[in-house]
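Written below as structure tokens is the structure these notes are about.
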Amino acid sequence: MNEIKFVFMKTNLTSKTRKKAVLAAIVLLSLSLSIFLDFPQNIITVVTGQDRLVPIYYVETPEKKVAISFDACWGAEYTPKILEVLRENDLKTTFFLTGFWLEKYPDMVKQISEEGHEIGNHTYTHPHLNTLSEAEIKSEIEKTHRLIKDICGQEANLFRPPFGEYSNKVIKTLDECGYKTIQWSVDSLDWKEGGKESIVNRVTSMAHNGAIILFHNNGEYTAEALPEIIEKLTDEGFTIVPISELLYSNNYYVDPHSGAQKKKE
């Protein structure tokens, strides 16, 4: 075995200079430790892969079931037509509503609920939740929860984060408020307003068992695309249900890598 030798270079540093160098090293180490300790927990979690919390993106199931959902933030021009299409096909879905939309369109909220659709919480002001404190997040959730309850009587327990943004802090806070955090596995991209066919092709080509499909209540071509999407999914053997009917209610976990809600063995 070759001998490994460590060679120490002689220097002409004075004792005073060496002391300054040691002091500088200590200060640098202390600064590094303080930055690490103050680093946001959700960022550390993502970097290390430890205890990472994620929303439910889809449900792992052998059944050919999918859930359709609509996010409502701005406008309601196309919502009556969407409800008409759902009514004609005898389908129930999930609408995630913001607080300011609830206040602006209370009669529409009542109609959505009266026609049997599930209402979820989408915050009050549609903020970037990762920038808020736990108290501020709770305020957003609780204010909208009360509005939903007061307007249509539903006790919401499903939440969709604005912009799809989340962190451990967000998910833990939502859990404390009694909510499941829901994302999506199929994005219709109806907000891009690329036309009916692009929405139909995208959704029907990406649909899978346990999928949660994202639409928006005021997409220009959403209502127009829905009948063909429903027909194609039905022809392929899919049953369309509200999100709560797709989810496992107990004895499950959420895979931190895929976001799949899975049954525990």
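The values are calculated or read from the model by the stated rules, or taken from the named source; none is laboratory data. Since this is a predicted model, take the numbers as computed values, not measurements. Here the Cβ is made from the backbone with ideal geometry for all residues, glycine too, and neighbour counts use every protein chain on show. The protein model used for the area step is the full one, side chains on, heavy atoms only, and it has no ligands, DNA or RNA in it. Shrake-Rupley method; radii C 1.70, N 1.55, O 1.52, S 1.80 Å.
Structural remarks
- Summed over the range 105-123, residues that are in a strand (DSSP E or B) and of a type in the set (Gly, Ala, Ser) total 1.
- Which numbered condition His208 misses (of (1) crowded, with 16+ Cβ neighbours inside 10 Å; (2) under 19 Å from the mean Cα position of the chain (by Cα); (3) outside any helix (DSSP H, G or I); (4) touching a residue at least 40 places away in the same chain (Cβ under 8 Å)): (1)
- Inter-residue pairs, beta-carbon under 8 Å, first under 13 Å from Lys169 (Cα atoms) and open to solvent by less than 20 Å² (accessible area, probe 1.4 Å) and in the range 112-134, second among the charged types (D, E, K, R) and assigned to a loop (DSSP other than H, G, I, E, B), 6+ apart: Leu129/Glu165
- Residue count for the range 224-247 satisfying the condition of being in a helix (DSSP H, G or I), open to solvent by 10 Å² or more (accessible area, probe 1.4 Å) and within 15 Å of His117 (Cβ to Cβ): 2.
- Across the range 251-265, the number of residues qualifying as open to solvent by less than 80 Å² (accessible area, probe 1.4 Å) and either closer than 12 Å to Arg52 by Cα or polar (S, T, N, Q) (or both) comes to 6.
- Among (1) part of a helix (DSSP H, G or I); (2) touching a residue at least 24 places away in the same chain (Cβ under 8 Å), the one test that Asn201 misses: (2)
- Restricting the range 156-190 to residues that are in a helix (DSSP H, G or I), buried (at least 16 other Cβ atoms within 10 Å of the Cβ) and without any contact (Cβ under 8 Å) to a residue 40 or more places away in the chain, the residue that is nearest to the chain's Cα centre (by Cα): Leu174
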